[in-house]
Amino acid sequence: DWAFCECKKLNRITIPDSVHEIGEGAFYQCDSLREIIIPDSVTVISEGAFRNNKRLTRVSLGRNVRMIESGAFQGCSSLQSISFPTGLMEIGDSAFQGCESLVTVSLPNTVIRVGRHAFHGCRSMKRLDLSTGIRTVHAGVFFDCEKLETVTLPEGVTSISRGSFFNCRSLRSLEIPQ
């Protein structure tokens, strides 16, 4: 945990296949990181692992990542692209909060939980496709996603919590199945 925290000049990471978990705060506030490739051996990205990497623009997750914990990418304000693997099951609270440059989020059908405020403040997000495994849209998940235009909720959603889509000023299309 916190292994490379605030290594300001660290701009490239090669994570070996022997790594199964990215520890808590491991690369917190490494200001020079621009791209991260997570190998297939990793199953968990722990709390705050890449938090506040303001220059990070792209993340490629290995196909075996099952859990992205709370605040893992919070405050990565330049993050534009992240590919979620089939098999991902959970996105923790505030995992992508403040990722202001993230444009599209498409979650695989294996995701069963997206935590509170997970995408809060993703101001550039225009489109959102939720997984068919989602039953509850938690509080503030898409709070302040000002450019969000299209939301497709899957069949089986039984609850939309308070403030889930608060201040989504551009929301034009919301599909709620019967």
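The values are calculated or read from the model by the stated rules, or taken from the named source; none is laboratory data. Note that the coordinates shown come from a computational prediction; the quantities given were computed from them, not determined experimentally. Every residue, glycine as well, gets a Cβ built from its backbone with ideal geometry; the counts of neighbours run over all protein chains shown. When the accessible area is computed, the model is the full protein with side chains, heavy atoms only, and any ligands, DNA or RNA have been set aside. Shrake-Rupley method; radii C 1.70, N 1.55, O 1.52, S 1.80 Å.
For the pair T104 and T14, how long in nm is the line joining their label points, each one 7 Å along Cα→Cβ?
3.2
Tell me the Rg and the Dmax, in Å, that the Cα atoms of segment 56-178 produce.
12.9, 39
How high is the relative contact order of the chain, given as a whole-number percent (alpha carbon pairs under 8 Å, six or more residues apart)?
Computed value for the chain: 13 percent relative contact order.
HN-Hα J couplings of segment 132-140 from phi, Karplus 6.51/-1.76/1.60, θ = phi - 60°, integer Hz, Gly and Pro as x?
Each residue's phi maps through the Karplus curve to give 5, x, 6, 10, 10, 9, 6, 3, x Hz.
Stretched out fully, how many nm does the piece from M89 to V157 gain, at 0.36 nm a residue minus the Cα gap?
Taking 0.36 nm per residue and subtracting the Cα distance, the gain is 22.9 nm.
What is the Cα coordinate range of segment 1-113 on the first, second and third principal axes, sorted by size from largest, in whole angstrom?
The Cα atoms of segment 1-113 stretch 37, 32, 19 Å along their principal axes.
Tell me which residues come under 5 Å, amide H to amide H, from L10 once H is placed; ignore anything under 5 positions away on its chain.
It is S32, by chain and number.
For R63, list long-range residues whose amide hydrogen, built 1.01 Å from N in the peptide plane, is under 5 Å from its own amide hydrogen.
Here the answer is D40, since their amide H atoms fall under 5 Å of that of R63.
Do you know the Lys pair count in the chain for C-alpha distances under 30 Å, with sequence separation 8 or more or different chains?
5
Using a probe radius of 1.4 Å on heavy atoms only, what accessible surface per residue do you get for segment 1-77? Whole Å² is fine.
50
If one computes P(r) from the Cα atoms of segment 57-117, what percent of pairs lie at distances over 14 Å?
53
I need the chymotrypsin sites (Phe, Trp or Tyr not before Pro) found in segment 91-178, filtered to DSSP loop residues with at most 16 other beta carbons within 10 Å of theirs.
F166
Mark the label point 7 Å from the Cα of R58 along Cα→Cβ and return the residues of segment 1-45 whose backbone N is within less than 13 Å of it.
Counting backbone N atoms under 13 Å from the label point, the list is 34-38.
Starting from segment 71-178, pick out the trypsin sites (Lys or Arg not before Pro) whose DSSP state is loop and whose Cβ has at most 13 other Cβ atoms within 10 Å.
Hits after loop and neighbour filter: R135, R162, R169, R172.
Work out how much length L174 to D31 would gain on full extension: take 0.36 nm times their residue separation and subtract the Cα-Cα distance, in nm to one decimal.
47.8 nm
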